[in-house]
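This report refers to the structure that appears directly beneath it.
Only the coordinates and a few stated rules stand behind these numbers; no lab work does. Source: prediction; values computed, not measured. Glycine also receives a Cβ, built like all others from the backbone with ideal geometry; neighbour counts cover every protein chain displayed.
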């Protein structure tokens, strides 16, 4: 029986790297529930190498002794002339994992062992920290992000409205016929697990209640520009603006919510700007706010915010600069920096939109930027979201 592969570009790239002569550790890094474990299983089947698969995602956090046991098991498999493959899932949950992996990898390199290693991690920020601290020059990262509209449509037959509301979590897709059950799954299996386990257990958070509140506000105000001082006023025991900026960074690293910076051409001003809050998957908004699909679709203002958030989530990647712009009452929804130039993006869910004063004002200051309208008389939203950019 042939296994269906939905994340084909990532799968093909990872498989090609695993089939190369052993050079680097390979890392699949991304948020929870985006298909990393499924991809790893399919890679094991396709690679044609003796493989050992282990996960640290257990109630009891694994330690270095556990990691060494898994590595030794894989070394035994790699004694064949073809070599072997070790897959370690949720690697960031092993305390001191990066130092242990460095030592074991260097031992294998010195001994000429043909053992290939694939690491999986559910919190990109935390995985990246461990890699950069100890494993410089020894790894390559393949970033696995939320599922796109094209992927959800291919796998589940979703239309545009379903994707805008229910977002891009494949594990929750079979539950959308029961909206309360779907929302409970998103809240319990994704939001709470990510905040309480992936973030709180793995990095220092002095105010965990504040982190949860900040995530809730990011969902409620997704697409809006909010000053840090205003956030301090809305949150209980908020601490200072530096704390809020740090917590937004943690949420972004976990693929939950981000605070986009203002584009100004000056990095100093960007860092000091009020953030534009953005939920990185519209499922998080719908499940958190509890507004049902039919009611959300009938409310033009709420639906417009979902559409703008869907576009922002489609554009956002941890390694891709995405900004907003505003001067006085002139605003540009998103400013995307790409290798081929800058793009100023305005989003509308209405059929028509007249002049775009924000884009016009932005182009007056940055004339080389290309304008782009999504929706209205511009690029149809469906076509834009189907573009795997």
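Relative to the longest principal axis of the Cα atoms of the chain, the long axis of helix 36-47 makes an angle of roughly 50 degrees. Label-to-label distance for residue 382 and residue 295 is 2.8 nm, based on points extended 7 Å past Cα in the beta-carbon direction. Taking every DSSP helix (H) stretch of at least 4 residues in the chain, weighting each as -39,500 (n - 2.57) and dividing the sum by the residue count yields a mean residue ellipticity at 222 nm of -12500 deg cm²/dmol.
Below 8 Å, C-alpha to C-alpha, sequence gap of six or more: please give me the relative contact order for the stretch 149-386 in percent.
Values: 346 pairs, mean separation 40.4, N = 238.
RCO, the stretch 149-386: 17 percent.
Quick check: from the Cα gyration tensor, does the stretch 190-267 come out rounded (a/c under 1.5), prolate or oblate? Cα axes put the stretch 190-267 in the prolate bin. Listed from fewest to most Cβ neighbours within 10 Å, the set 186, 91, 217, 225 follows the order 225, 217, 186, 91. DSSP bridge analysis restricted to the chain gives an antiparallel fraction near 35%, rounded to the nearest 5. Annotation: extensible slack from residue 45 through residue 4 equals 13.5 nm (criterion: 0.36 nm per residue apart, minus Cα-Cα distance).
Overall form of the stretch 109-260: oblate. Here a/c, set by the Cα gyration tensor axes a ≥ b ≥ c, is 1.5 or more, and a/b is not larger than b/c. Sorted fewest first by neighbouring Cβ atoms within 10 angstrom, 120, 68 come out as 68, 120. Between residue 360 and residue 329, the contour length at 0.36 nm per residue exceeds the Cα-Cα span by 9.9 nm. Nearest 10 degrees is fine. How inclined is helix 241-253 to the longest principal axis of the chain, computing both from alpha carbons? Roughly 60 degrees between the two axes.
Taking all pairs of distinct Cα atoms, average 1/r, flip it, and tell me the Kirkwood hydrodynamic radius of the chain in Å to one decimal place.
Values: mean 1/r = 0.0448 Å⁻¹.
Result for the chain stands at 22.3 Å.
For residue 23 and residue 99 in one chain, what is 0.36 nm times their gap in residues minus the Cα-Cα distance, to one decimal in nm? Provide the component values of the computation, followed by the final result.
Details: separation 76, 0.36 × 76 = 27.36 nm, distance 1.84 nm.
Computed gain between residue 23 and residue 99 is 25.5 nm.
Applying 1/(1 + (r/R0)^6) with R0 = 22 Å to the Cβ-Cβ distance of residue 192 and residue 55 gives a FRET efficiency near 0.65.
How many angstrom separate the Cα center of the stretch 1-47 from the Cα center of the stretch 210-237? The distance from the Cα centre of the stretch 1-47 to that of the stretch 210-237 comes to 37 Å. DSSP finds beta bridges in the stretch 222-328, and of those with both partners inside it, around 75 percent are antiparallel.
Of all DSSP beta bridges located in the stretch 8-143, what percent are antiparallel, nearest 5?
Numbers: 0 of 19 bridges.
For the stretch 8-143, the DSSP antiparallel bridge percentage is about 0.
For 282, 55, what ranking results if the residue with the fewest other Cβ atoms within 10 Å of its Cβ goes first?
On the way: 282 28, 55 16.
Fewest-to-most Cβ neighbours within 10 Å comes out as 55, 282.
With a/c under 1.5 counting as rounded, go ahead and sort the stretch 8-143 into rounded, prolate or oblate using the C-alpha gyration tensor (a ≥ b ≥ c being the square roots of the eigenvalues; past the cut-off, prolate if a/b is larger than b/c, else oblate). Since a/c stays below 1.5, the shape of the stretch 8-143 is classed as rounded.
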